[in-house]
């Protein structure tokens, strides 16, 4: 049999290719079975320190762009801005001017450079990449006036500094842009892991950590307990208003909730966070008031996951109806939102006499 296989007339290119593939597979299997390969080299003791340093520098350069940062391996660091150059020229003193730029959170500052210089090569490069990438992400979000993504980019720079500074880095940035609160229309997939799935919309209300409930103009202090979800290292806390089937089934009754778990309160799965530009705290009070009225008075409204009829409703119907009754100006998100065009009617949010 084998003599026939290796006979010149049968031993063609396909057989040679097959044997080559088998050899490669065997070689790869052998290398994968080796935990490590030890190479011993005798070094002149007088040169030992110098050789060790050369080896460390060599491998530091190889592994400084680890898999964790592979997507940014070809990043080009932007030149210092004129503003940051002027600070660099002023020396290493941590001035009020440099603090103000640091509050912006996206510029590479003199203090960043000081910390960079004291780190080993691998950590220093990773640190600068994170800060530089944060600046790029911020600029992209700023072009779209996307406050949520702008905040995310700023906080990434903050975390990068907190990870490497040799003292406690204090985040002084105002994530509410001087307003003390921000209100978003948040959108995520249902279920969150399914690509192309329909979207669910809810309302996300953020307040600064030092927000004083009860002051004029105010958000009613009775709602302060709703803001139990910290974000940006506790610089803000937030509450959500949304709705769904009360037992998370595909049919049943449509019930509203504050801080619905697990998805409404999970900001990491949001595909869009549309700023609703609410500047009056009374409007936030009204959102909570109308939600409470619906929750107390409407207990048997049928829930349809995909409402085909004009008089059937789902979670998106509730959110749209709540925004309407609270007189919150909004536009329809770009995503597939079943039920959005069939909002809950205003009468379902009216106060019912006992």
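No lab work stands behind these numbers, since they all come straight from the coordinates. Quantities reported herein were computed from a predicted structural model and do not represent experimental measurements. Counting neighbours? That spans all protein chains shown, and the Cβs are built from the backbone with ideal geometry, glycine included.
Checking the a/c ratio against 1.5 first, then a/b against b/c, what shape does the Cα gyration tensor give for the stretch 181-349? Don't jump to the answer; show the numbers that get you there.
Details: a/c = 1.77, a/b = 1.37, b/c = 1.29.
Judged from the Cα gyration tensor, the stretch 181-349 comes out prolate (a/c at least 1.5, a/b above b/c).
Which of the peptides 106-115, 312-321 is most tightly packed, and how do the rest follow, judged by the mean count of other Cβ atoms within 10 Å per residue?
On the way: 106-115: 19.7, 312-321: 24.8.
With the highest mean Cβ count within 10 Å placed first, the list reads 312-321, 106-115.
With just the Cα atoms defining each centre, how far is the stretch 305-351 from the stretch 171-238? Give it in Å.
21
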